[in-house]
Amino acid sequence: MPKTMNNQFGKRFSRPLWAIVLNLAFFLTISAQEQAVDYHLEETPAVSWNRPPLFDARAMAAGGISLLASPAFAAAFNPALIPDGAPRLEVGFVGLRFQAFQYWGINQGVIREQFPLTADALLPASLGGTLSLGKWRLAAGYCLSALPRFPDFAQRLTYEYDQYWEYRGSFSGQEQTMYAASAWQPAAWFALGIRLAYVSGKRWLETSDMDSSYFNIGGQWILKNISLHHEENHRYGHWVPALGAWLHLNPSWDLGLSLEYPLAGRVRRSREQSFDNPSDGVYLSILQERRDALKSPANLRCGTAYSFKLGGRSGMDKKISLAIEARSTFWSSYRCEFFGETMPRDFRDTVETALGMEYAAAGSAGAFSVNLGVRRDPQPPRAAATALWAWSAGAGARLGRLSGNIGLVFYSGATAGISQRHWLIAAAMAYEFKGERP
């Protein structure tokens, strides 16, 4: 066949053009499969969808019960529980050691342990303070409300003739809450409270899929190195108003009730996917950016505590407080958009139940306490039907105006033959300024 301009065009550009078409089809197929399984790590929690109280060591040790919370952080549970007396300032730290489980699949109903990984984290978790002004009490603070984070993961399979497949990735995130609260106590037995909080968070995900294989092209074996890169960034925020009530029925019996109703928020998302095939001179990249809607679930908390005074030597007041609490989270109202598409989330409403106990002994020189608790924490994905159990213990001490608490929690649960084990430890230190002690 004689050489013509058209033939030269075909010889020069046909192979790269076909390579681009085939690589683009492969790239889009991978992206479609990723969307088909509804694989959204940005929603996955580190320990529990219901967010354990990482910010309060005392409450964590007592089963997460609001009526046994530290005075400086009580408003983060129920704004009506802001204490009277001298101003307080408290700072807390938290450490986590948890297994890296992932929720994925349609409706997030599948729990998968992709790799046997264990994640660790240790960081500041809270800062809070209170101020009493007669019948009015004020509180403000910062708290770490969620810490979804996985360790870096990597998997590599090698074959003959230097062929290999490698998958690497990183995922991290953090959620924090800043709040201001006020309580009004018109009588010694009754108080009402209001709180306004702003919840903000971020998620970051990066994965790389690399393949080095020989391909038979025109009777020749050619080594091709193909890589897929995926990166996501998600930043969100929303306001959360809350109302609370407290009843002091008698010197030994207290009741608490609170309602949180998150307002609709926004998520700023960006996602970049790239395909690189140096052998064919092909590089493809897609960048997406969008502001999506997010609606977190409301929750209702109700609890009661009863205290028993114990006899003892002179100068020491001893008592045991027993508390029970239920927290209902309306996950059926949860809504999440992902680049304009409302994701299907067949979530069930959950009711957490907790039992807590505190033994306390106080004297003129100081005080100490011991806390125990257990909490049943059902997870919202209906298909997974998981319920975690949290077993907790802790201790506290006060010397003069300085006090401290430490709490330890062990989470366990199993679904579809996959067991979960998580450890949380929290510590807090508080200072009480000069003033009348309640």
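The values are calculated or read from the model by the stated rules, or taken from the named source; none is laboratory data. As the structure is a prediction and not an experimental result, all values here were calculated from the model. For neighbour counting, all protein chains shown are included, and Cβ atoms are generated from backbone atoms with ideal geometry for every residue, glycine included.
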Restricting attention to the range 135-154, does a residue exist that is in contact with a Lys or Arg (Cβ under 9 Å, 6 or more places away or on another chain), over 30 Å from residue 47 (Cα atoms) and part of a strand (DSSP E or B)?
no
Scope the range 53-72; condition of a type outside the set (A, V, I, L, M), closer than 16 Å to residue 326 by Cβ and in a loop (DSSP other than H, G, I, E, B); matching residues
53, 63, 64
May I ask you to verify whether residue 248 is closer than 30 Å to residue 329 by Cβ, surrounded by fewer than 20 Cβ atoms within 10 Å (Cβ to Cβ), touching a Pro at 6+ places or on another chain (Cβ under 6 Å) and not hydrophobic (A, V, I, L, M, F, W, C)?
no
Using the structure shown, decide if residue 315 is at pLDDT 95 or above and closer than 30 Å to residue 362 by Cα.
no
Being small (Gly, Ala, Ser) and under 30 Å from residue 224 (Cα atoms) is true for just one of 279, 258. Which residue is that?
279
Taking residue 360 as meeting all but one of (1) of a type in the set (A, V, I, L, M); (2) modelled with pLDDT of 90 or more; (3) out of contact with any strand residue (DSSP E or B) (no Cβ under 7 Å at 6 or more places or on another chain), write down the number of the exception.
(3)
Selection within the range 254-294 - over 30 Å from residue 332 (Cα atoms) and modelled with pLDDT of 95 or more:
254
Output the number of the condition that residue 345 fails; it satisfies all remaining conditions of (1) at pLDDT 95 or above; (2) in contact with a Lys or Arg (Cβ under 8 Å, 6 or more places away or on another chain).
(1)
Filtering the range 73-88 down to residues that are in contact with an Asp or Glu (Cβ under 8 Å, 6 or more places away or on another chain) and not in a loop (DSSP other than H, G, I, E, B), which residue is nearest to residue 56 (Cα to Cα)?
76
Tell me the residue from 179, 261, 214, 198 that is aromatic (Phe, Trp, Tyr) and closer than 30 Å to residue 279 by Cβ, please.
214
Does any residue of the range 292-301 turn out to be under 22 Å from residue 250 (Cβ atoms), surrounded by fewer than 18 Cβ atoms within 10 Å (Cβ to Cβ) and either without any contact (Cβ under 8 Å) to a residue 60 or more places away in the chain or touching a Gly at 6+ places or on another chain (Cβ under 9 Å) (or both)?
no
Here are 305, 323, 367: which of them is touching a Lys or Arg at 6+ places or on another chain (Cβ under 6 Å), surrounded by 15 or more Cβ atoms within 10 Å (Cβ to Cβ) and either at pLDDT 85 or above or not charged (D, E, K, R) (or both)?
367
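The rows are residues; the columns are (1) loosely packed, with under 14 Cβ neighbours inside 10 Å; (2) free of Cβ contacts under 8 Å to residues at least 40 places away in the same chain.
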site	(1), (2)
317	yes, no
341	yes, yes
357	no, no
360	no, no
Hits in the range 53-91 - residues which are among the small types (Gly, Ala, Ser) and touching a Lys or Arg at 6+ places or on another chain (Cβ under 7 Å):
63, 64, 66, 69, 70, 72, 75, 85, 86
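It is to be established whether one or more residues within the range 270-282 are in contact (Cβ under 8 Å) with a residue 60 or more places away in the chain and surrounded by fewer than 15 Cβ atoms within 10 Å (Cβ to Cβ).
Scanning the range 270-282 turns up at least one residue that is in contact (Cβ under 8 Å) with a residue 60 or more places away in the chain and surrounded by fewer than 15 Cβ atoms within 10 Å (Cβ to Cβ).
Examine the range 125-143 for a residue that is more than 29 Å from residue 190 (Cα to Cα) and modelled with pLDDT of 70 or more, and state whether such a residue exists.
yes
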Criterion: in contact (Cβ under 8 Å) with a residue 12 or more places away in the chain, more than 23 Å from residue 305 (Cβ to Cβ) and of a type outside the set (Val, Ile, Thr) - qualifying residue of 408, 424, 372, 402
402
Being surrounded by 15 or more Cβ atoms within 10 Å (Cβ to Cβ) and modelled with pLDDT under 80: is that true of residue 146 here?
yes
Give the number of residues within the range 183-221 that are of a type outside the set (A, V, I, L, M, F, W, C), assigned to a strand (DSSP E or B) and surrounded by fewer than 20 Cβ atoms within 10 Å (Cβ to Cβ).
14
Among the numbered criteria (1) assigned to a strand (DSSP E or B); (2) crowded, with 16+ Cβ neighbours inside 10 Å; (3) touching an Asp or Glu at 6+ places or on another chain (Cβ under 8 Å); (4) at pLDDT below 95, which one does residue 236 miss?
(3)
Please verify whether residue 315 is of a type in the set (Gly, Ala, Ser) and either under 28 Å from residue 399 (Cα atoms) or not in a strand (DSSP E or B) (or both), treating the condition exactly as stated.
yes
